[in-house]
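These notes are about the structure you will find just below.
The values are calculated or read from the model by the stated rules, or taken from the named source; none is laboratory data. Here the structure is a predicted model, which means the values were calculated and not measured. Cβ coordinates were reconstructed from backbone atoms using ideal geometry, including for glycine residues, and neighbour counts include every protein chain displayed. The accessibility values were calculated without ligands, DNA or RNA, using every heavy atom of the protein model including side chains. Shrake-Rupley method; radii C 1.70, N 1.55, O 1.52, S 1.80 Å.
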Amino acid sequence: MSLDEALVKMEQAYVAKIADAMKSIAPNLKDAALLAFGGAGPMSACRVADALGIKEIIVPRMAAVFSAFGIGFSDIAHSYDAALSDTGEKGLSDVIDRLTQRAERDMFAEGFDLSECTVEKTLSFSQNGEQSTRRLNGDKKVPDGLKSAQDLRVQLRATKSIPHFALKSDDTKGGKSTQTKLGRKVRLSDGGQLSDSDLPLFRHEELQPGQGAAGPAVVEEEYFTCLIPAGWKFAVNDNYDLVLQKH
């Protein structure tokens with residue numbers, strides 16, 4: 001095949017791989033909103049949404065560093081796992097003590113005492129061909145019914161809660177379509193054929209809440225590029241996120 005045909009096939013395979021992975025988790029996504037972030041995620045988001053029947057996409061204001069931004073508001077947690085070969089009281093106690101010492105050391109390195117954390121202890125096991133877990137309620141004793149189970153393992157998880165980012169309701173009022181004098185030459189694969197197009201280019205940092213436009217268009221900022229194909233429109237909300245909708 002020609003180079004242009006190969007490029008179209010590559011894009012189709014890329015979109016299909018993402019869409020199929022999402023379908024395997026949630027088969028019906030028509031009423032869902034797709035979150036697109038990273039430097040390249042917004043570039044392909046509309047194609048993936050079309051494949052899934054999704055009609056709304058949110059590109060966060062901090063899309064390029066969204067993973068780092070999110071981890072800054074995530075609880076600090078460490079998880080530990082160890083096989084339990086001795087189901088006696090001493091055997092279980094020894095394993096829990098060993099995992100607790102590791103948790104104390106690691107949480108100290110994070111700047112916290114283990115007493116400030118929530119500590120959860122569970123047993124995982126295989127019984128009658130099924131994998132299950134059971135919480136250890138403070139006692140260091142394996143329930144009698146589990147002593148004959150297979151693959152007995154002890155899990156300990158220590159979690160230090162930190163303040164979380166509070167989301168507010170979006171009450172953005174839509175404004176008039178905005179215009180731009182900027183342009184970007186791109187190659188689009190609409191209809192399975194590549195074609196050169198001169199699209200309007202909007203700079204994200206120059207857009208105000210309520211402003212937007214219909215595709216085809218490109219929205220760029222320093223670290224991400226968002227393609228809005230024909231049939232889609234975008235608007236900026238009060239949080240300066242891009243909200244893309246199928247129309």
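Can you say whether SER85 is assigned to a loop (DSSP other than H, G, I, E, B), over 19 Å from the mean Cα position of the chain (by Cα) and either more than 29 Å from PHE37 (Cβ to Cβ) or of a type in the set (Ser, Thr, Tyr) (or both), as far as the supplied structure shows?
yes
Has region 184-205 got any residue that is touching a Gly at 6+ places or on another chain (Cβ under 9 Å) and acidic (Asp, Glu)?
There is at least one residue in region 184-205 that is touching a Gly at 6+ places or on another chain (Cβ under 9 Å) and acidic (Asp, Glu).
Determine the pairs where a residue that is closer than 11 Å to ARG187 by Cβ, located within region 1-15, has a partner that is at pLDDT below 90 and surrounded by 11 or more Cβ atoms within 10 Å (Cβ to Cβ) with Cβ atoms under 6 Å apart, the partner being 6 or more residues away or on another chain.
Sorted first by the residue in region 1-15, then by its partner, the pairs are ASP4/LEU194; VAL8/SER189; GLU11/SER189.
Return only the number of the condition from (1) in a helix (DSSP H, G or I); (2) open to solvent by 80 Å² or more (accessible area, probe 1.4 Å) that GLN179 does not satisfy.
Condition (1) is where GLN179 drops out.
I'm checking my understanding of the structure. Among residues of region 44-85 that are among the acidic types (Asp, Glu) and out of contact with any Leu (no Cβ under 9 Å at 6 or more places or on another chain), which one is surrounded by the fewest Cβ atoms within 10 Å (Cβ to Cβ)?
Taking the candidates together, the pick is ASP75.
So which of ASP171, ASP198 ends up being in a strand (DSSP E or B) and either at pLDDT 85 or above or surrounded by fewer than 10 Cβ atoms within 10 Å (Cβ to Cβ) (or both)?
ASP198
If we keep just the residues of region 222-239 that are outside any strand (DSSP E or B) and at pLDDT 90 or above, which is nearest to LYS176 (Cα to Cα)?
ASN237
Return yes when ARG187 is open to solvent by 80 Å² or more (accessible area, probe 1.4 Å), at pLDDT 90 or above and outside any loop (DSSP other than H, G, I, E, B) and no when it is not.
On the way: open to solvent by 80 Å² or more (accessible area, probe 1.4 Å): yes; at pLDDT 90 or above: no; outside any loop (DSSP other than H, G, I, E, B): yes.
So ARG187 does not fit the description; no.
Of all residues being without any contact (Cβ under 8 Å) to a residue 40 or more places away in the chain and not in a strand (DSSP E or B) in region 109-130, which is least open to solvent (accessible area, probe 1.4 Å)? Just the residue, please.
Here the answer is GLY111.
Considering every residue within region 92-108, establish whether at least one is basic (Lys, Arg), in contact (Cβ under 8 Å) with a residue 12 or more places away in the chain, out of contact with any Leu (no Cβ under 7 Å at 6 or more places or on another chain) and surrounded by fewer than 16 Cβ atoms within 10 Å (Cβ to Cβ).
Within region 92-108, one or more residues are basic (Lys, Arg), in contact (Cβ under 8 Å) with a residue 12 or more places away in the chain, out of contact with any Leu (no Cβ under 7 Å at 6 or more places or on another chain) and surrounded by fewer than 16 Cβ atoms within 10 Å (Cβ to Cβ).
What do you reckon, is SER161 surrounded by fewer than 16 Cβ atoms within 10 Å (Cβ to Cβ) and farther than 30 Å from GLU222 by Cα?
yes
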